[in-house]
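Just so it is clear, none of the values below were taken in a lab; they were calculated from the coordinates. Quantities reported herein were computed from a predicted structural model and do not represent experimental measurements. Please note: Cβ atoms are built from the backbone with ideal geometry, for glycine as well, and neighbour counts cover all protein chains shown.
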Amino acid sequence: MTNPLYDTLFGIHAGKITPFLHLPDGGTITHAGFLAMAARIAHVLTKAGLQPGDRLAAQVAKSPEALALYAACAQAGLVFLPLNTAYTVDELTYFIENSGARMVVCDGAGADGLQPVADRLGAQLLTLNGDGTGRLMDQAKSQPDTYPTVARGADDLAAFLYTSGTTGRSKGAMLTQANLLSNARTLAEHWRFTADDVLLHALPIFHTHGLFVATNVTLIAGGAMIFLPKFDTDAMIEKLPMATAMMGVPTFYTRLLDDDGFTRNLVRDMRLFISGSAPLLAETHVQFEARTGHRILERYGMTETNMNTSNPYEGERRAGTVGFPLPGVDLKVCDPKSGAELPQGEVGVIEVRGPNVFQGYWQMPEKTAEELRANGFFITGDLGRIDDDGYVHIVGRDKDLIISGGYNIYPKEIELVLDAQPGVLESAVIGVPHADFGETVLGVLVAEPGATPQTDAIADAVRDKLARFKHPRELIVIDELPRNTMGKVQKNVLRDRYREIFSTT
Ligand code: MLC
Ligand code: AMP
């Protein structure tokens, strides 16, 4: 194979005129049509002077063309760096600079804001809008619809996904072709995906879940996707009868259950519902089975590792657990301080090793060394235990992380912005329960002596700097933060104090 990722996911479908993407308006794009689109894009990228190994940063709305950009990067040997569409120019600047991206592809609406950044950082900029228009596709139109695939090895980098951290600085997780392919193969087999599958795809394609789990698994099996631009309950209800499988974050499931139009009859031809990226409440699992007769299959993964565990396809899908380590994945529960493996049943930090585990953080050897052991085990920061039957339970987090609707939010990043605001002495950002998003963000502020922080102005300042999903839903000013005897802020005390703040009952 000259390029394992491209050949295995995309190239094998050359010439196939069966549908690959079913679009919301009822139109379809065949595998062959999709590959031709990718080839034309690959020509544009190569003609722009991009060389194998160069990074391409894309902040684009979900569309067939956006997905073809991923395929084009694979074919041209480029490192694909997808970015959340909610990121602000401030956030994007960091990613472009840190990654050394040579090309930025963004929505036309964002081009004016990003052009000066791209110019300063020596990156070229092309536009791609949600409807497939823009400079990228204008240039692609006149290109040949086949492209000589660039030779790459399994150990070459295929993608960078940025993940934030406890210091507030985002880190580029480096994923190789082998990382992505090994997981795609394992999952497709484990979840019995075939060319007959039609996956209802409503996830964003800038994260592991929507891009690598959902898309790669479908591609490797030769199946098709109903490709929706985003999650919308009505659209899901309309399309579910045509699907055989769905993948979603827990919010998808709770929103569907909240709609009376979501009935057993709609999903009679479905074979599999998968949930991940955030904890699925056992109560959601139970309600879902009562409504539909289907047991949701919950799995557990991370940006750095792809998928690590899964409930069984056949056998008991146990609510409140993430199942067993996937074939080829070693998983152990360790003492957070010493790193020593704990006896089965005890709670500790989950560590994982396998062909799915990333290569480290781009140009951050110290950060890599803190989380990726020399023996290959990655310290996930998730707290878990393995029960008597071998099921893995995620019971909490050893890292200061909020997961809202499946998006990760690191409080430190928000605290740094809040601390810099006039009248603010210090801040603590915590996650509190939220019926729709599972958790949401609350900002707790302490005023400088004699000052009165203006929470509206502070909210405006946050809006300029950080993506919408990171914004505190509310800012509260209190006299002082609770601290332990070591002076460390006791976020658990704050979380207990405000746990009902967004409860609707
Ligand atoms: C949108 N908003 C969010 C949000 N999504 N705020 C907090 N958390 C979120 N997840 C903002 C919107 O900008 C909007 O702001 C307001 O909240 C309400 O928006 P909405 O219309 O209700 O939200 P919607 O657009 O429907 O999006 C909700 C969602 C979406 C759950 C469908 O967030 C989503 O698709 N999440 C999936 C994330 C995901 O793929 N995670 C995988 C990571 S990979 P305003 O101001 O306009 O009202 C990973 C590894 C693994 O974790 O294991 O998979
Ligand atoms: P990310 O860094 O965005 O890839 O998010 C990964 C994190 O999501 C993990 O470290 C877990 O904390 C969380 N996660 C993913 N899947 C699950 C799950 N099924 N249950 C609980 N937490 C999960």
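The slack between Val89 and Glu238, meaning 0.36 nm per residue of separation minus the straight C-alpha distance, is 50.1 nm.
What is the chain's relative contact order, in percent, from Cα pairs under 8 angstrom and six or more apart in sequence? Please list the in-between numbers first.
Numbers: 1074 pairs, mean separation 57.5, N = 505.
So the answer I get is 11 percent.
Could you tell me what percent of the DSSP beta bridges with both partners in the chain are antiparallel, to the nearest 5? Intermediate results must be reported in sequence, preceding the final value.
Working: 46 of 78 bridges.
Antiparallel bridges make up about 60 percent of those DSSP assigns within the chain.
Assuming a ≥ b ≥ c are the square roots of the Cα gyration tensor eigenvalues, decide whether the range 1-138 counts as rounded (a/c under 1.5), prolate (otherwise, with a/b larger than b/c) or oblate.
oblate
Could you compute the FRET efficiency for Ala451 and Arg397, with r as their C-beta to C-beta distance and R0 at 35 Å, rounded to 0.05? Intermediate values should be presented prior to the final figure.
Working: r = 33 Å, r/R0 = 0.95.
E(calc), rounded to 0.05, equals 0.60.
You can think of it this way: the chain between Arg499 and Ala32 has 163.0 nm of extra reach, that is 0.36 nm per residue less the Cα-Cα gap.
Give me the percent of Cα-Cα pairs in the chain that sit more than 36 Å apart, rounded to a whole number. Each step should come with its number before you reach the end.
Values: 39195 of 127260 pairs.
Cα-Cα pairs in the chain separated by more than 36 Å: 31 percent.
Sort the range 378-505 into rounded, prolate or oblate with this rule: let a ≥ b ≥ c be the square roots of the eigenvalues of the Cα gyration tensor; rounded if a/c is under 1.5, and if a/c is not under 1.5, prolate when a/b is larger than b/c, oblate otherwise.
Values: a/c = 2.04, a/b = 1.69, b/c = 1.21.
Since a/c reaches 1.5 and a/b is larger than b/c, the shape of the range 378-505 is classed as prolate.
Name the trypsin sites (Lys or Arg not before Pro) in the range 258-322 that are in a loop by DSSP and that have at most 14 other C-beta atoms within 10 Å, would you?
Values: sites: Arg264, Arg268, Arg271, Arg291, Arg295, Arg299, Arg317, Arg318; in loops: Arg268, Arg271, Arg295, Arg317, Arg318.
Within the range 258-322, the qualifying trypsin sites (Lys or Arg not before Pro) (loop, at most 14 other Cβ atoms within 10 Å) are Arg268.
What is the sum of charges, Lys and Arg at +1 and Asp and Glu at -1, for the other residues whose Cβ falls under 12 Å from the Cβ of Leu121?
Values: positive: Arg55, Arg102, Arg120; negative: Glu97, Asp119.
Cβ neighbours under 12 Å give a net charge of +1.
Database remark: amide H of Arg397 closer than 5 angstrom to the amide H of Leu383 (H placed geometrically; neighbours at sequence offset of 5 or more, or on other chains; Pro and chain starts carry no H). Between amide H atoms placed 1.01 Å from N, distances below 5 Å from Gly328 occur with no residue 5 or more places distant or on a separate chain.
Below 10 angstrom from the Cβ of Asp389, what's the summed charge of the other residues (Lys, Arg +1; Asp, Glu -1)? Intermediate results must be reported in sequence, preceding the final value.
On the way: positive: Arg318; negative: Glu316, Asp387, Asp388.
Spelling it out: positives minus negatives among the neighbours equals -2.
In plain terms, the chain from Arg192 to Asp464 could stretch by 93.4 nm, reckoned as 0.36 nm per residue minus the Cα-Cα distance. Projecting the Cα atoms of Gly384, Phe160, Leu481 onto the charge dipole of the chain, computed from C-beta unit charges around the Cα centre, puts Phe160 farthest toward the positive end. A simple spin-label model places the labels of Asn375 and Asp330 0.6 nm from each other, with each point 7 Å out along Cα-to-Cβ.
Can you tell me which of 467-480, 415-428 comes out highest on packing, and rank the rest after it, using the mean Cβ neighbours within 10 Å? Write out the running numbers ahead of the final one.
Values: 467-480: 16.4, 415-428: 18.1.
Taking the mean over residues of other Cβ atoms within 10 Å, the ranking is 415-428, 467-480.
Using a Förster distance of 35 Å, how high is the FRET efficiency between Thr485 and Glu316, based on the Cβ-Cβ distance and rounded to 0.05?
Details: r = 45 Å, r/R0 = 1.28.
Computed FRET efficiency for Thr485 and Glu316: 0.20.
With both labels modelled 7 Å from their Cα along Cα-to-Cβ, the Leu281 to Lys412 distance reads 3.1 nm.
Taking the Cα centre of the chain as origin, work out the dipole magnitude from +1 charges on Lys and Arg Cβ and -1 charges on Asp and Glu Cβ, in debye rounded to 20. Working shown, then result.
Working: 45 positive and 60 negative charges, 175 e Å.
Dipole magnitude for the chain comes out near 840 debye.
Each of Asp258 and Ser338 was given a label point 7 Å from its Cα along the Cα-to-Cβ line. The distance between the two points is 4.7 nm.
Under the classification rounded if a/c is under 1.5, otherwise prolate if a/b is larger than b/c and oblate if not, where does the range 181-264 fall, given a ≥ b ≥ c as square roots of the Cα gyration tensor eigenvalues? Present the calculation step by step, with values, prior to reporting the outcome.
On the way: a/c = 2.11, a/b = 1.67, b/c = 1.26.
In terms of gyration-tensor shape, prolate.
With unit charges on the beta carbon (Lys/Arg positive, Asp/Glu negative), name the residue among Gly222, Asn3, Asn306 whose Cα is farthest towards the positive pole of the charge dipole of the chain. With unit charges placed on the Cβ atoms, the residue in question is Asn3.
Shown for Thr208, Thr28, Thr85: other C-beta atoms within 10 Å of each C-beta, ranked fewest to most, produce the order Thr28, Thr85, Thr208.
Protection proxy ranking, highest mean first, for peptides 377-389, 328-340, 95-107, 154-166: 95-107, 154-166, 377-389, 328-340, where packing is the per-residue count of other beta-carbon atoms within 10 Å, averaged.
Can you tell me, using C-alpha contacts under 8 Å and at least 6 residues apart, the relative contact order of the range 226-331 as a whole percent?
20 percent
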